[in-house]
Amino acid sequence: MSFDPHLYCALHTGTPGDMEFYGKIGCGKRILELGGGDGRVTEAMVKSGAQVYALENHAGMLKLAEKRRASLDEAHQEKWLIESGDMSRFDLKTRFDLVVIPYSGIFCLEAEARKHCFHLAAQHLQVGGSLVLDAYATEGLFDEPEEPS
């Protein structure tokens, strides 16, 4: 998917309360973030004491996330690992307390890829771990309007 990451970030600033939510649920946990974007949510989780491994597939967003990570102090930088990767095709050979897919990131995938993503998320969770996603319905969002009769 091709888009300008700076424009995306200017237009998509999250939902009310999302930063506080992710900061609270992440406190002290090992987290896998799928679709880490520019690191807006990752930063909140890291600052709450979480160790976050973020996957992001878009090179421009990955670059913004790396820049955001670099702006943090060394202790917080060490808790934030960033990697280029597809959230429907990954094998990290480790398990996490929590897998998060923030800000409707799951809708960046086609239906079959979503199934793979959920399956892989489950495989990467510790026993008793949780998958948390923030999503809103997008059906019909991009449908062409009907011509007036």
Query - Over 22 Å between alpha carbons, listed pairs Lys29/Lys79; Lys47/Lys93; Lys47/Lys67; Lys63/Lys93; Lys24/Lys79 - result: Lys47/Lys93; Lys63/Lys93
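Can you give me the accessible area per residue for the range 33-149, using a 1.4 Å probe, in Å²?
Numbers: 6740 Å² over 117 residues.
Accessible area per residue, the range 33-149: 58 Å².
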Query raised in the report: Which is the longest run of the chain containing none of the GluC sites (Glu not before Pro) found in DSSP loop states (not H, G, I, E, B) with at most 16 other C-beta atoms within 10 Å?
Result: 1-109
Requested in this report: Obtain the nm distance between the two label points defined at Gln126 and Asp4 by a simple spin-label model: each point lies 7 Å from its Cα along the Cα-to-C-beta direction.
Outcome: 4.3 nm
Report summary line: Of the candidates Leu109, Gln123, Leu55, the farthest towards the positive dipole end of the chain (Lys/Arg Cβ +1, Asp/Glu Cβ -1, centred on the Cα centre) is Gln123
**Report entry** Along the chain, longest interval not containing exposed trypsin sites (Lys or Arg not before Pro), exposed being DSSP loop plus at most 16 other Cβ atoms within 10 Å
**Finding:** 1-92
Query raised in the report: Of the accessible area of the range 1-138, with the probe set at 1.4 angstrom, what percent is carbon plus sulfur?
Result: 55 percent
Report task. Calculate, for Leu81 and Cys27, the FRET efficiency according to 1/(1 + (r/R0)^6) with r their C-beta to C-beta distance and R0 22 Å; round to the nearest 0.05. Result -> 0.75
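The values are calculated or read from the model by the stated rules, or taken from the named source; none is laboratory data. Note that the coordinates shown come from a computational prediction; the quantities given were computed from them, not determined experimentally. When we count neighbours, we look across all protein chains shown, and the Cβ atoms used for this are built from the backbone with ideal geometry, even at glycine. Note: areas computed on protein heavy atoms with side chains; ligands, DNA, RNA excluded. Shrake-Rupley method; radii C 1.70, N 1.55, O 1.52, S 1.80 Å.
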